[in-house]
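We did not get these values from a lab; they are worked out from the coordinates using the rules stated. Remember, predicted model here, so these are calculated numbers, not experimental data. As a convention, Cβ positions derive from the backbone with ideal geometry for all residues, glycine included, and neighbour counts pool all protein chains shown.
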Amino acid sequence: MNVTVVGAGVVGLTAAVTLTEAGHDVRVLAAATGDATTSAVAGAIWMPFECGPRDAVNRWSARTRVWLEALAATTPEAGVELHDVVQLEPAGAGRPWWADAAPALERMPAPVTGAPLAWRFRAPRVDPRRHLPWLASRLARPVEIARVTRLADVPGDAVVNATGLGARALAADDALRALYGQVLVTAPGALDVRTTLSDDRDPDAMFYVIPRGDEVVIGGCALPRPDDDPLAPDPEIRARIERHAARLGLAPGPVLRERAGLRPARPTVRVERDPGDPRIIHDYGHGGAGYTLARGCAEDVRALVAAGQVPPRVST
Ligand SMILES: Cc1cc2nc3c(=O)[nH]c(=O)nc-3n(C[C@H](O)[C@H](O)[C@H](O)COP(=O)(O)OP(=O)(O)OC[C@H]3O[C@@H](n4cnc5c(N)ncnc54)[C@H](O)[C@@H]3O)c2cc1C
């Protein structure tokens, strides 16, 4: 089938690669690519965050984890590595709701000051600087730069809507909201470069440290914002992140750059055929977990495309 994917963030590119592998003739259209997407700002560690519904997220994230683990083992150019992830445990919280998708989760004394316990597990960490170009390199043709104003006008036997926040206008979806995130990219300094640390104990002051090669991504926040707010990093948020690191006894190296992005958040990730136009398949609203869910969602998109395929006519 001829399939057009609209969007070239991690969700659109992963869907396009998955459909290409299935033998479809895939074309990708996007208003922006690479560094100009939200996907370029992410850490990006495998961990469900700000996404739902829980059952589907566990299924999508488990499938994505298996795929990313295989890439880590076989395909260094894909920019995926396995890390120890340590998540500080909020008092009395118990196992995280997504624990079933992360086997071998174990409890341990927290390796930082000021926190009693933590959960530890192994998870893939993706480097968007390498992963996004690698995904694009798996396609039969280059991504075409184009802004779509009506999905119904996009050519193709099937059209995949992977436009992140752009879906608010394209799919008239008011359930989508922008969740602002801000990170510092630092030199490693005295940080443990093999371990990702996450501290969600205070939902208003989330914090994480994600090492990747020669640098470390330190965040963050998740604040509702208008989509069209300028993405200038906020000095107060930077100061709060630096204070949080110091409180935990962490000593990163100098700040190399700051990045900000808007997560495309929705109470539930939308992966379904459009009720009004069966040619259109939606794949958006991955919130803080686009890298964690992309392949699992893409496999559902592949099944929806296959289900819409007209069986070949049998001559009698
Ligand atoms: C600070 C921060 C940290 C994060 N950390 C993590 C993490 O550790 N792990 C994780 O799993 N996730 C993380 N995320 C979330 C993750 O980055 C997102 O879920 C993911 O990038 C969403 O991908 P997407 O492809 O849907 O959207 P995007 O990357 O925004 O891509 C959307 C694409 O659609 C295109 N588009 C939009 N509108 C149109 C239009 N009208 N016409 C044509 N093209 C259009 C855009 O140009 C772009 O190509 C983080 C996000 C932020 C901001």
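A few remarks follow.
- The Cα atoms of the stretch 131-287 define a convex hull whose projected area, averaged across directions, is 11.4 nm².
- Highest-first arrangement of 139-148, 47-56, where packing means the average Cβ count within 10 Å: 47-56, 139-148
- Crossing angle, helix 235-247 versus the chain [Cα axis fit, 0-90 degrees, rounded to tens]: 50
- Across every direction, the projection of the convex hull enclosing the Cα atoms of the stretch 131-198 has a mean area of 8.2 nm².
- Nearest 10 degrees, 0 to 90: helix 10-21 Cα axis against the chain principal axis: 50
- Note, ³J(HN,Hα) from phi for the stretch 100-114, Karplus 6.51, -1.76, 1.60, rounded to Hz, x at Gly and Pro: 5, 8, 10, x, 6, 6, 9, 8, 8, x, 5, x, 10, 6, x
- Against the chain, whose longest principal axis is taken from its Cα atoms, helix 54-74 shows a tilt of about 80°.
- Measuring nothing but how far apart in sequence close Cα pairs (under 8 Å, 6+ apart) lie, relative to its length, the stretch 88-240 scores a relative contact order of 19 percent.
- Most to least packed among 104-110, 241-247 [average Cβ atoms within 10 Å]: 241-247, 104-110
- Toward the positive end of the charge dipole of the stretch 15-78, with +1 on the Cβ of Lys and Arg and -1 on the Cβ of Asp and Glu, the farthest Cα among Trp46, Leu29, Trp60 is that of Trp60.
- Most simply put, the chain has about 70% antiparallel DSSP beta bridges, counting only bridges with both residues inside it.
- Rounded to whole Hz, the Karplus (6.51, -1.76, 1.60) HN-Hα couplings of the stretch 34-43, x for glycine and proline: x, 4, 8, 9, 4, 4, 6, 8, 5, x
- Normalised Debye scattering of the chain at q = 0.07, 0.09, 0.10, 0.11 Å⁻¹ gives log10 I(q)/I(0) of -0.27, -0.44, -0.55, -0.66, counting only Cα atoms as equal scatterers and leaving out solvent.
- Rounded Å value of the spacing that divides the Cα centres of the stretch 39-81 and the stretch 171-234: 16
- Take every pair of alpha-carbon atoms less than 8 Å apart whose residues are at least six positions apart; their mean separation over the length of the stretch 2-307 yields a relative contact order of 28 percent.
- Here each label is just a point 7 Å from Cα along the line to Cβ, and for Ala246 and Asp84 those points are 2.7 nm apart.
- Separation of alpha-carbon centers, the stretch 97-113 and the stretch 137-167, rounded to whole Å: 38
- A protection proxy built from the mean count of other Cβ atoms within 10 Å ranks the segments 89-97, 199-207, most packed first, as 199-207, 89-97.
- What the Cβ-Cβ distance of Thr74 and Met108 gives, at R0 = 25 Å and to the nearest 0.05, is a FRET efficiency of 0.25.
- Estimated FRET transfer efficiency (Asp202, Asp173; beta-carbon r; R0 35 Å; 0.05): 0.70
- Helix-only mean residue ellipticity at 222 nm for the chain, each DSSP H run of n ≥ 4 adding -39500 (n - 2.57), per residue, nearest 500: -8000 deg cm²/dmol
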